[in-house]
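*Asks:* First, the structure itself, so that you have it in front of you.
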Amino acid sequence: MIIKCPECGHQVSDRARTCPSCGVDIAGNVMRCPDCGEVIFKDQSKCPYCQSLFAGSSVGSAAAADQTPADDDTAQPQPAQPTTGGGRKKRKTGCTVLGVAFVIALVLVCLAFYFYQTTVRENEQRAYENAMQSDQPAVLQNYLDMFGSQASQAHCDTIAARLKSLEQLDVDWANAVASGLKAEIVKYMKLHPNSIHRVEADYCIDSIDWSAAHQADTPEAYQAYLKAHPDGRYIDEARTAFEVLDAQQLKPEDKQMVEELFSTFFTALAKRDKAMLLTTLAGRLSSFLHKDDAVPADVVAYMDKLHEADIQQMTFTMKNDWQIRKQQEAEGLYSYIVDFTVDQMLERSDATKERQVAYTVQARISTDCKISRLNMKKTVK
């Protein structure tokens, strides 16, 4: 039969051992009040609903035995205080639940602490391994700041020793850079090939080599830089400077052109060949035999003057002591400054006159390969 629990009021079977809601004992411990019919506990001395006393209860019997004929007829019986055995059961069950809950909470706290400590140890180990593999002092210092109070002393000592070593490497590197010497930087990198300053060292060496090449300003110096630094920061400047200077270097074909030009010039003088002579001359000469702003006609007049009446034959022999300097006038256009000596041999009918004359020649060749200046100094032999 379904009844109402006298303790909590929830529906429960009268055969249930305990109330599923509050845990109070039910089977064999409850009954219906004879007066009002409500379900109450058997050990109660009166009904909590209708306040009826039960004669068969221990409390009621004790009260009846205490009464005597001498008692005042007006004396009222003392009401018995109800006792509820189910309440005691409930309090006992509640304590048990609290105890179990406390134990479970304690276990959870212990597990959480364990997992927290495990996580901390794992994080510390990973951080230690990463720090030992790093060459950055900041990484090692960060490890000490974060895990110095949690890590083992061995880990802290190892990290501190490595940090000190890296800091010393930084000092050595700073000294090498401050010296400004390529040899010091190369020496540092040989001692520390895996240094974090490798890229910076390459930049420094690149700058030093470029500065040396630029100061020397020769094709050989620029070519040496290009060979040593094929990917250098100054590769474009070095290549341009090399091409300019290399183009200014006297090539075999340049020397051949100069020799052929002056050979034609002096052959024309010796043969008194005006047409040949004019092929060697620029339209205007800045100087000819120390006369400024000369023209080809001035050179022809000089040729005619050379051929005196008693001269039977004239030859010029160049001494092959050429000093030629090539100068860039514009992109792809070059002039030449030429110094050399030439001997003049004369066959004369007048034996009293000179037969051999030596000249030192200073000349300039224009960008169109014509003589644009020519001065000669005569030396009698």
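The values are calculated or read from the model by the stated rules, or taken from the named source; none is laboratory data. Since we're looking at a predicted model, the values are computed, not measured. Positions of Cβ are backbone-derived with ideal geometry, glycine not excepted, and every protein chain shown enters the neighbour counts. Heads up: the accessible areas ignore ligands, DNA and RNA and are worked out on the full protein's heavy atoms, side chains in. Shrake-Rupley method; radii C 1.70, N 1.55, O 1.52, S 1.80 Å.
*Asks:* Just read off the accessible area of Tyr234 with the full protein assembly in place, 1.4 Å probe, to the nearest 10 Å².
*Replies:* Near enough 60 Å² of accessible area.
*Asks:* Run the accessible area of the chain with a 1.4 Å probe and give the carbon-and-sulfur part as a rounded percent. Provide the component values of the computation, followed by the final result.
*Replies:* On the way: 12810 of 23760 Å².
Whole-percent figure for carbon plus sulfur exposure: 54.
*Asks:* Compare Gly37, Gly283, Gly180 in a GNM of the chain, Cα atoms joined below 10 Å, and give the one with the largest fluctuation.
*Replies:* Gly37
*Asks:* For every helix of n ≥ 4 consecutive DSSP H residues, a contribution of -39,500 (n - 2.57) applies; sum these over the chain, divide by its total residues, and give [θ] at 222 nm rounded to the nearest 500 deg cm²/dmol. Let's see the in-between values first.
*Replies:* Details: 11 runs with 184 residues, N = 381.
Mean residue ellipticity, 222 nm, calculated: -16000 deg cm²/dmol.
*Asks:* Follow-up question, since we're still on this one. Taking R0 as 30 Å, what's the FRET efficiency between Lys255 and Lys377 from their Cβ-Cβ distance, rounded to 0.05?
*Replies:* Details: r = 23 Å, r/R0 = 0.76.
Result of the calculation: an efficiency of 0.85.
*Asks:* Here is a further query. Nearest 10 degrees, 0 to 90: what angle lies between the long axis of helix 219-228 and the longest principal axis of the chain (Cα atoms)?
*Replies:* In the chain, helix 219-228 runs at an angle near 20 degrees to the longest axis.
*Asks:* For Gly232, what is the net charge nearby, where nearby means another residue's Cβ is under 15 Å from its Cβ and Lys, Arg count +1, Asp, Glu -1? Numbers along the way, then the final one.
*Replies:* On the way: positive: Lys182, Lys227, Arg233, Arg239; negative: Glu200, Asp202, Asp206, Asp209, Asp231, Asp236, Glu237.
Net charge in that neighbourhood comes out at -3.
*Asks:* Turning to a different aspect of this structure: Could you compute how much accessible surface Trp210 exposes when probed at 1.4 Å, giving the result in Å² to the nearest 10?
*Replies:* Rounded to the nearest 10, that gives 40 Å².
*Asks:* Sticking with this structure for a sec: What does the charge count around Asn375 come to, taking other residues whose C-beta lies under 10 Å from its C-beta (Lys +1, Arg +1, Asp -1, Glu -1)?
*Replies:* Values: positive: Lys291, Arg364, Arg373, Lys377; negative: none.
Its environment carries a net charge of +4.
*Asks:* Angle, helix 235-248 long axis vs. longest principal axis of the chain, Cα atoms, 0 to 90°, nearest 10?
*Replies:* 0 degrees
*Asks:* For Rg/Rh (Cα atoms, Kirkwood Rh), one of (i) 1.06; (ii) 1.00; (iii) 1.79 was computed from the structure I shared and the rest are decoys. Which label?
*Replies:* Checked against the structure: label (iii).
*Asks:* I would also like to ask the following. Using each residue's phi in the range 333-343, evaluate 6.51 cos²θ - 1.76 cosθ + 1.60 at θ = phi - 60° and report the 3J(HN,Hα) Karplus result to the nearest Hz, with x for Gly and Pro.
*Replies:* 10, 9, 10, 9, 9, 10, 10, 6, 10, 9, 9
*Asks:* How far is the Cα center of the range 99-147 from the Cα center of the range 235-271, in Å?
*Replies:* What the calculation gives is 79 Å, centre to centre.
*Asks:* With springs only between Cα atoms under 10 Å apart, run a GNM on the chain and tell me which of Pro20, Pro230, Pro296 wobbles the most.
*Replies:* Evaluated over the chain, the most mobile residue of the options is Pro20.
*Asks:* Could you check the spin-label model distance between Asp321 and Glu200? Points 7 Å from the Cα along Cα→Cβ, value in nm.
*Replies:* Placing both labels 7 Å beyond Cα along the Cβ direction yields 5.9 nm.
*Asks:* At 1.4 Å probe size, with every protein chain present, just tell me what the per residue accessible area of the range 138-249 comes to in Å².
*Replies:* On the way: 6860 Å² over 112 residues.
I get 61 Å² per residue for this part.
*Asks:* Quick one: which residues, 5 or more positions from Tyr334 or on another chain, have an amide H under 5 Å from its amide H? H modelled 1.01 Å from N in the peptide plane, none for Pro or chain starts.
*Replies:* Distant-sequence amide H within range of Tyr334: Glu329.
*Asks:* How much of the DSSP beta bridge set in the chain is antiparallel, as a percent to the nearest 5?
*Replies:* Values: 44 of 47 bridges.
The antiparallel proportion sits near 95 percent.
*Asks:* Further question: Against the longest principal axis of the chain, how steep is helix 153-179, in degrees 0 to 90 to the nearest 10, with axes from Cα atoms?
*Replies:* Taking Cα atoms only, the helix is inclined about 20 degrees.
*Asks:* Which net charge results when you count Lys and Arg as +1 and Asp and Glu as -1 among the other residues whose beta-carbon is under 15 Å from that of Asp14? Working shown, then result.
*Replies:* Working: positive: Lys4, Arg15, Arg17, Arg32, Lys42; negative: Glu7, Asp25, Glu38.
Value of the local net charge: +2.
*Asks:* Separate question: Label points 7 Å out from Cα along the Cβ direction at Ile3 and Ala247: separation in nm?
*Replies:* 12.1 nm
*Asks:* Amide H of Leu281: which non-local residues (sequence gap of 5 or more, or other chain) have their own amide H closer than 5 Å, using H built in the peptide plane?
*Replies:* Ile371
*Asks:* Enter the accessible area of Ser207 (Å², nearest 10), with the probe set to 1.4 Å and all protein chains included.
*Replies:* Ser207 has an accessible surface of roughly 40 Å² with all protein chains in place.
*Asks:* Connecting C-alpha atoms closer than 10 Å in a GNM of the chain, tell me which of Ile337, Ile196, Ile104 has the biggest fluctuation.
*Replies:* Taking springs between Cα atoms under 10 Å, the residue moving most is Ile104.
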